[in-house]
Amino acid sequence: MKTLEAAGIALSLSVAASTGALAAPSCGTDPVTVSAYFETGFPLAGKLAAEFSNQFPNVKFDIKEDQFANLMENTPRLLAGDAPPDLVRLPSMSDLVANELLKNLDGYYTDFGWDQFPASQLIQLRVEPEGRPRGTGSLYAMGLNYSMTGVFYNKELAAKIGMTSPPTTLAELDAILAKAKAAGITPIIQFNKTNGGLAFPLQDLMGAYGPPEPINDWIFQKDGATIDTPSNLKAAEHLESWVKAGYFAPDTNAIDYFAMMSGFMKGDGLFMFNGDWESGNLDKQMAGKAGFFLMPPAEAGGRHAAMSAPLTYGIGAKAPHADCAAFFLNWVATNPEARKINVEIGGSNPGGPTSLPIPAVAPGSVTEATLAAGSVIAKENGAMDFIANATGAIFSAGWTPELQKLVGGRQTADGLLKAVQKEYEQELSR
């Protein structure tokens, strides 16, 4: 692996040299143990850490993993503790920045030449010192890759109901859902147990009915932003109509993320709203049997929009090995082997300087479809951050309980948006 190590060092130095920053931080040559807090069930970060240690044998990783909901709850405490992690998966940033728990990365931006990255890749990772709004200010995180969500479908089930190509309008999608239901096929398998997985189709519907910019304004906590808009109400009402029509599995509120994935791969549902981080997994587990498409617009020829956000990682403000963690983040985006792992395991655009090529993927694969869809979103400027990332607690205290109530028939579309907006305003006032 000496060749790979040399290539990684040379590439990092070449990026730094292009901006005159020849003395970029590194992990050095002495033994280093980087403490890391990753999300459980997603192998990408661990695979990248293993390859990094392979190329830089003096660096080891002490990795702890937890579920997304626990990350949201525990990260502030861990970062404020006596032994904060060097590298941490960030479900939300605003409160962590406001409480000075994350390291400002502006110095690394200069040292590593991150001005060579497209500005659009980093905008979601910028935060003002007070924690809001996002989208401006200093850089406080980086993405391991730049993922995107949409609709996965089972090609064998699609063939049974005559679906020969993805729908191009929302009306066409509705017709396919009705046809699947009539044929005894569960139209959508979606998680909604521990976390509100119906936020995925809901936000896709929001992007079909209205522009993504106001949604990003709300997520970025811009003054006066609201999620309770006329177009979002249409989206929520559309989701409610799917619930009432029985298009979701009847036990949706008892399905967690991993049960959803298992069920989809077994053929328990035609569609699944999820992200391209599962593309590599589906290419292995359902080779040739799974497809992907973006949520179609409400009107033919309309703009496409999708949740498209960095797989966000930050460095603790008191991290003992901050320079090494930053070097790792730069390596992930620039090293050829790391970029290959990112595409093959993560199924997502690895980001990084625009001069670097996207690693090749198998023709006809799910990964090829998701990467192509990402190009559409980039061309149409339709990227949205995830509505669960608006505040540190909005997913657990707002979206999840209200979406569970919607599935259970105890909440309406209008009530859902108003309840989440109320929770959002309460959190911002604290």
Practice item. Assuming 1.002 mPa s and 20 °C, estimate D for the stretch 145-263 with Stokes-Einstein, Rh taken as the Kirkwood radius over Cα pairs, in µm²/s. Key: 137 µm²/s
Point to revise | Neighbourhood charge, 15 Å Cβ-Cβ cut-off, centred on residue 115 and excluding it, Lys, Arg +1 and Asp, Glu -1 | key: -1
Practice item. Pull up the cross-link candidates among the aspartates and glutamates for residue 418, meaning alpha carbon to alpha carbon under 18 Å and not fewer than 8 places away within one chain. Key: 217, 223, 228, 237, 240, 402, 427
Check your understanding: Under the Kirkwood approximation applied to all pairs of distinct alpha-carbon atoms, what is the hydrodynamic radius of the chain in Å?
Key -> 22.0 Å
Review point. Rounded to the nearest whole Å³, what is the per residue volume of the convex hull around the Cα atoms of the stretch 224-370?
Key: 210 Å³
Check your understanding: Given a 1.4 Å probe, how much area per residue of the stretch 256-335 is accessible, in Å²?
Key -> 31 Å²
Revision key, fill the gap. The local net charge around residue 172, scoring Lys/Arg +1 and Asp/Glu -1 for residues other than residue 172 whose Cβ lies under 12 Å from its Cβ, equals -1
**Study point:** Mean ellipticity per residue at 222 nm, deg cm²/dmol - from DSSP H runs of n ≥ 4 across the chain, formula -39500 (n - 2.57)
**Key:** -12500 deg cm²/dmol
Practice item. With only Lys, Arg, Asp and Glu charged, each at its Cβ (+1 for the first two, -1 for the last two), find how big the charge dipole of the chain is about the Cα centre; round to the nearest 20 debye. Key: 800 debye
Point to revise | Loop sites in the stretch 179-271: trypsin sites (Lys or Arg not before Pro), DSSP, at most 16 other Cβ within 10 Å | key: 222
**Study point:** Cα gyration tensor, the stretch 378-430 - rounded (a/c under 1.5), prolate or oblate
**Key:** oblate
Review point. Hey, which aspartates and glutamates would be in cross-link range of residue 234, C-alpha to C-alpha under 16 Å, not counting anything within fewer than 8 residues on its own chain?
Key: 174, 204, 299, 414
Point to revise | Pairs beyond 21 Å (Cα-Cα), from 155/181; 103/379; 160/266; 103/222 | key: 103/379; 103/222
Practice item. With a 1.4 Å probe and every protein chain kept in, tell me what percent of the accessible surface of the chain is carbon plus sulfur. Key: 53 percent
Exercise for review: Decide, for the stretch 317-430, between rounded, prolate and oblate: order the square roots of the alpha carbon gyration tensor eigenvalues as a ≥ b ≥ c, take rounded if a/c falls under 1.5, and otherwise choose prolate if a/b is larger than b/c, else oblate.
Suggested key: oblate
**Study point:** Convex hull (Cα only) mean projected area of the stretch 50-89, reported in nm² to one decimal
**Key:** 3.4 nm²
Review point. Going by alpha carbons, how many degrees (0 to 90, nearest 10) lie between the helix axis of 68-80 and the longest principal axis of the chain?
Key: 30 degrees
Exercise for review: Using a cut-off of 9 Å between beta-carbons, work out the net charge of the residues near residue 40 (Lys and Arg +1, Asp and Glu -1, residue 40 not included).
Suggested key: -3
**Study point:** Length-normalised contact order of the chain in % [C-alpha pairs under 8 Å, at least 6 apart]
**Key:** 25 percent
Point to revise | Restricting the stretch 271-374 to GluC sites (Glu not before Pro) in coil, as DSSP defines it, with at most 14 other Cβ within 10 Å | key: 299
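The values are calculated or read from the model by the stated rules, or taken from the named source; none is laboratory data. Because the structure is a prediction, the values reported are computed rather than measured. Don't worry about glycine lacking a Cβ; one is built from the backbone with ideal geometry, like all the others, and counts go over all protein chains shown. We work out accessible area using only protein heavy atoms, side chains counted, and drop any ligands, DNA or RNA first. Shrake-Rupley method; radii C 1.70, N 1.55, O 1.52, S 1.80 Å.
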